[in-house]
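K.L.:
Handing you this structure, nothing more for now.
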Amino acid sequence: MARPHVEFVQSQQVDWQEEGTGTAVKPLNIDPDTGDGTVLRRYPAGVGQAPAPRPGTSMEFYVLDGAINIDGHELAPHAYGYRPAGTPSLAWRSDKGALLLEIREERPVPTGEPDPAILINSLAMPWDVSTYDPQLRHMHNARKVLRLGSGDSGRTFLLAGLPHGFPEAPDLPLEKHPHAEEMFMIHGEMKSPQGVMRDGAYFYRPPGIWHGLHVSEFGFLMFMRSPGANRISTHWSEQRHPIHYRPSFQPVLPEGAPTSWSAPHSDRPTY
Ligand SMILES: [Fe+2]
């Protein structure tokens with residue numbers, strides 16, 4: 001069995017689980033066979049150590065809040081790291097506490113090419129605005145590529161979109177891909193047929209699932225992955241569908257997901 005379809009959950013609705021190593025996790029999407037997948041991990045101020053990855057499993061992370069020191073490197077929000085399978089266990093320390101998005105996975109397609117370790121400050125990277133898909137031009141997207149896997153095994157990137165990301169037409173085609181898509185909303189808002197994704201929203205969409213339509217009133221900054229491909233390839237539907245600008249929350253959740261995942265959550269800040 002593979003990682004299940006989750007589209008989407010607000011991570012605020014997911015319970016913390018203590019891990020017995022001083023850290024706690026919110027499991028967002030886990031392969032039931034391996035236990036690998038994507039979690040939010042909270043490091044307490046002081047001592048806290050993530051469990052070592054399983055043999056053959058890589059670890060990828062993005063700092064969302066606080067600060068963490070890894071092998072002498074002090075990392076602030078928007079730092080990104082990739083530790084290939086076989087990387088020796090690291091010394092992690094957080095003096096004031098930290099919140100990280102963390103992905104552990106087996107290499108999908110073993111190749112001769114080893115994946116290099118990565119540790120970068122994404123804040124210092126320039127935005128790439130050269131790759132607008134014409135069907136998504138209304139969102140005025142920009143991208144920062146954090147990682148390209150060897151053997152076309154998957155890309156990790158930041159995607160940003162401007163506010164008022166509405167098309168002129170009242171309808172759009174649906175899209176699907178031959179690879180999976182995964183997203184964590186660092187900040188912002190995006191409307192979809194499953195509801196309005198806000199700060200902390202998360203989805204994992206396996207390959208071959210029709211999805212969309214996506215529009216954004218207030219703009220967004222997303223952490224995204226395309227497991228199984230280094231380049232997004234999209235098949236657009238011939239039929240166009242009306243856009244819902246006030247969608248209600250109708251998530252796709254795996255069987256057995258906690259009821260809190262589908263509970264209504266606060267919409268916008270009130271004043
Ligand atoms: Fe997509």
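K.L.:
Quick one: if you stick a label point 7 Å off each Cα along the C-beta vector at residue 19 and residue 91, how many nm between them?
P.N.:
1.9 nm
K.L.:
Let me ask something else. May I ask you to compute the full-extension gain from residue 245 to residue 71, defined as 0.36 nm times their residue separation minus their alpha-carbon distance, rounded to one decimal in nm?
P.N.:
58.0 nm
K.L.:
Still on this structure, please answer the following. About its Cα centre, what dipole magnitude does segment 134-262 give when the only charges are +1 on Lys and Arg Cβ and -1 on Asp and Glu Cβ, stated in debye to the nearest 20?
P.N.:
The calculated dipole for segment 134-262 is roughly 320 debye.
K.L.:
Next up: Please arrange 176, 96 by how many other C-beta atoms lie within 10 Å of their C-beta, fewest to most. Write down the numbers at each step before the final one.
P.N.:
On the way: 176 17, 96 11.
Going from sparsest to densest Cβ surroundings: 96, 176.
K.L.:
At 20 °C and a viscosity of 1.002 mPa s, what translational diffusion coefficient does Stokes-Einstein give for segment 183-271, taking Rh as the Kirkwood radius over Cα pairs? Give it in µm²/s as a whole number.
P.N.:
Result for D is 145 µm²/s.
K.L.:
Once fully extended, how much extra length lies between residue 129 and residue 54, figured as 0.36 nm per residue of separation less the alpha-carbon to alpha-carbon distance?
P.N.:
Result: 23.3 nm gained on full extension.
K.L.:
While we're here: What order do you get for 6-19, 224-237 when each peptide is scored by the mean count of other beta carbon atoms within 10 Å, highest first?
P.N.:
Result, highest mean Cβ count within 10 Å first: 6-19, 224-237.
K.L.:
Also, I was wondering about something else. Starting with the fewest neighbours, write out 94, 150 ranked by other beta-carbon atoms found within 10 Å of each beta-carbon.
P.N.:
The fewest-first ordering by Cβ neighbours comes to 150, 94.
K.L.:
How are the alpha carbon pair distances in segment 157-198 distributed across 10 Å bins from zero to the largest one, expressed in percent?
P.N.:
In order of increasing distance, the bins hold 18, 52, 29 percent.
K.L.:
When you take every Cα atom in segment 134-173, what is the radius of gyration, and what is Dmax, the widest Cα pair distance, in Å?
P.N.:
Expressed in Å, the Cα Rg and Dmax of segment 134-173 come to 13.7, 40.
K.L.:
Moving on to the next point. Translational diffusion coefficient of segment 9-124 at 4 °C, 1.567 mPa s, Stokes-Einstein with Kirkwood Rh over Cα pairs, in µm²/s as a whole number.
P.N.:
Answer from the Stokes-Einstein relation: 88 µm²/s.
K.L.:
Projected onto the charge dipole of the chain (+1 at Lys/Arg Cβ, -1 at Asp/Glu Cβ, origin at the Cα centre), which of 195, 66, 207 gives the Cα projection farthest towards the positive end?
P.N.:
Of the options given, the answer is 66.
K.L.:
While we're on this one: Would you mind working out the magnitude of the charge dipole of segment 1-108 relative to its Cα centre, with +1 at each Lys and Arg C-beta and -1 at each Asp and Glu C-beta, to the nearest 20 Debye?
P.N.:
Computed charge dipole of segment 1-108: roughly 160 debye.
K.L.:
If you don't mind, there's one more thing I want to ask. Rounded to two decimal places and with Rh computed the Kirkwood way over Cα pairs, what is Rg over Rh for segment 1-73? Before the final figure, lay out the partial values.
P.N.:
On the way: Rg = 13.3 Å, Rh = 13.8 Å.
With Rh from the inverse mean 1/r over Cα pairs, Rg/Rh is 0.96.
K.L.:
Identify the GluC sites (Glu not before Pro) of segment 144-248 meeting these criteria: DSSP loop state and at most 16 other C-beta atoms within 10 Å of the C-beta.
P.N.:
168, 217
K.L.:
Taking the radius of gyration and the Kirkwood hydrodynamic radius from Cα positions alone, what is the Rg/Rh ratio for the chain, to two decimal places? Working shown, then result.
P.N.:
Values: Rg = 18.4 Å, Rh = 19.3 Å.
Using Cα coordinates only, the ratio equals 0.95.
K.L.:
Dipole of the chain (Lys/Arg Cβ +1, Asp/Glu Cβ -1, origin at the Cα centre): which of 263, 216, 228 lies farthest to the positive side?
P.N.:
216
K.L.:
Let me ask another. Please state the charge dipole magnitude for the chain, taken about the Cα centre, from unit charges on C-beta atoms (+1 on K and R, -1 on D and E), reported in debye and rounded to the nearest 20.
P.N.:
Dipole size: approximately 280 debye.
Throughout, read-outs are computed from the coordinates displayed, never taken from laboratory work. All figures in this text were calculated on a predicted structure; none of them were measured in a lab. Note that each Cβ is placed from the backbone with ideal geometry, even for glycine, and that neighbours are counted across all protein chains shown.
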